[in-house]
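Every read-out reported here was derived from the displayed coordinates using simple, explicitly stated rules and does not represent laboratory data. Predicted, not measured: the structure shown is a model, and the values here were computed from it. Note that we place each Cβ from the backbone using ideal geometry, even for glycine, and neighbour counts take in every protein chain shown.
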Amino acid sequence: MSITVSGLDELKKLAGGELGTSEWITVSQERINGFADATGDHQWIHTDPERAKEGPFGGPIAHGYLTLSLFIPLFTELLEVEGVTTKVNYGLNKVRFPSPVPAGSRIRLVARLAEVDEIAGGVQVTVDGTIEIEGGTKPACVLQSVSRFYA
């Protein structure tokens with residue numbers, strides 16, 4: 001379910017509230033391999049399914065930074081801000097990877113709009129996010145993302 005707001009004043013009213021839960025997406029071996037190609041991180045626990053079967057996770061797992069990078073497409077399912085000219089990823093305050101994401105798993109985002117603070121020309125938005133693994137007991141990633149939206 002997506003929340004759509006018109007402009008920064010409406011966005012400010014959401015501060016402190018839940019944004020909801022995204023749809024599930026699959027983290028396929030092909031996606032993992034593509035991320036390895038893009039980043040040059042071809043460690044066997046990610047890209048060699050046969051060897052990874054004998055490894056500590058019983059099969060290949062997604063890179064932690066791949067899981068983190070999926071925050072943006074999952075987040076855009078939850079919040080649409082109309083009437084802004086630019087949206088900029090400003091950084092992260094916190095990131096942890098409590099549980100690996102096995103290849104073929106499905107993940108989703110649960111998010112809360114923690115803060116909306118005034119900045120010159122716009123607002124700085126802090127989002128608390130948890131990326132869950134379908135059927136998992138611990139999250140794949142817990143993060144606090146900071147973005148800037150300009151009028």
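Just give me the residues in region 2-38 being exposed (fewer than 13 other Cβ atoms within 10 Å of the Cβ), free of Cβ contacts under 8 Å to residues at least 60 places away in the same chain and of a type outside the set (Asp, Glu), in sequence order. Of everything in region 2-38, those that are exposed (fewer than 13 other Cβ atoms within 10 Å of the Cβ), free of Cβ contacts under 8 Å to residues at least 60 places away in the same chain and of a type outside the set (Asp, Glu) turn out to be 13, 34, 38.
Taken over region 60-107, the criterion of being of a type in the set (D, E, K, R), within 27 Å of residue 45 (Cα to Cα) and surrounded by 14 or more Cβ atoms within 10 Å (Cβ to Cβ) is satisfied by 106 alone. Summed over region 110-135, the residues that are within 16 Å of the chain's Cα centre (by Cα), in a strand (DSSP E or B) and among the charged types (D, E, K, R) give a count of 3.
Residue-level check: of (1) in a strand (DSSP E or B); (2) closer than 27 Å to residue 150 by Cα, residue 107 misses just (2). Under the condition of being within 12 Å of residue 146 (Cα to Cα) and more than 15 Å from the chain's Cα centre (by Cα), the residues counted in region 56-87 number 1.
Of the helices (runs of 4 or more DSSP H) entirely within region 1-104, those holding at least 3 residues that are more than 29 Å from residue 125 (Cβ to Cβ) occupy 29-39, 44-47, 49-53.
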